[in-house]
Amino acid sequence: MAKIKVIIFDWGDTLMMDFSSIDPKRFQGAMAHWPKVAIISGVEEVLRELSNKYICCVASNAGDSTAELMGQALARVGIKDYFIHLITSRELGYNKPDLNFFHNMLKELQVQPEETVMVGNDYAKDIIPAKTVGIRTVFFNKNETDQSDFSSADMVIPSMNGLPAAIAKLC
């Protein structure tokens, strides 16, 4: 099995809280301009540990944000410097779960699928298509969705604190 080089994180509700689903009138447009931004519990500690061993990236469908705006939002919560690449559907020209999103992302990162892990909270958009193109997958099931078949996920974690151990098992 190829050595893992890159960890790709989904953005909303994987790294940062997506308040737009809670209060769409107050939280609309680019997250960088929202009145409040916050990270998911445990994210900073996990990034501190993993970014010493792997290239960490963010890949998002955030249609209201460019990579630059994504970086501004990440900077507001103090985690931007952990990421080497910020990728959005606006730049790639495709949205997840379109397989072209993943193929173009890998091409941009200049990495093979088997050298990559996708971490995401949306099983249908993040995990299934990533696995289809050969990327290893970690499903962040923070809501502990009761579904028996997560067969496209190599690992399932209920909290970010479990990510380093999940990555270690994939190596």
The answer for the range 102-151, accessible area per residue at 1.4 Å probe in Å², is 48
Gap in Å between the Cα centre of the range 96-115 and the Cα centre of the range 22-45?
26
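Compute the length gained on full extension between E91 and K169: take 0.36 nm times their separation in residues and subtract their Cα-Cα distance, giving the result in nm to one decimal. Intermediate values should be presented prior to the final figure.
Values: separation 78, 0.36 × 78 = 28.08 nm, distance 3.24 nm.
That pair, E91 and K169, stretches by 24.8 nm at full extension.
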Taking the chain as a Gaussian network, where each spring joins two C-alpha atoms under 10 Å apart, which residue of P129, P113, P158 fluctuates the most?
P158
Please list, in order along the range 9-18, the HN-Hα scalar couplings obtained from phi with the Karplus expression 6.51 cos²θ - 1.76 cosθ + 1.60 (θ = phi - 60°), rounded to whole Hz, x for Gly and Pro.
9, 5, 8, x, 6, 10, 9, 10, 5, 9
Loop only per DSSP, at most 12 neighbouring Cβ atoms within 10 Å: give me the trypsin sites (Lys or Arg not before Pro) in the range 1-44, ordered by residue number.
K3, K25, R26, K36
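Once the convex hull of the alpha carbons of the range 21-164 is built, what does its volume come to per residue, in cubic angstrom?
Details: hull volume 16.3 nm³, N = 144.
Dividing the Cα hull volume of the range 21-164 by its residue count gives 113 Å³.
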Which pairs, out of K53/K169; K3/K107; K36/K125; K5/K131; K96/K169; K36/K107, put more than 24 Å between their alpha-carbon atoms?
K36/K125; K96/K169; K36/K107
Expressed in µm² per second, the diffusion coefficient of the range 14-101 from the Stokes-Einstein equation, with Rh the Kirkwood radius over alpha carbon pairs, at 20 °C and 1.002 mPa s, is 157
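The values are calculated or read from the model by the stated rules, or taken from the named source; none is laboratory data. These figures come from a predicted structure and were not determined experimentally. So basically every Cβ, Gly included, is an ideal-geometry build from the backbone, and we count neighbours across all protein chains shown. Accessible surface areas use protein heavy atoms only, side chains included; no ligands, DNA or RNA. Shrake-Rupley method; radii C 1.70, N 1.55, O 1.52, S 1.80 Å.
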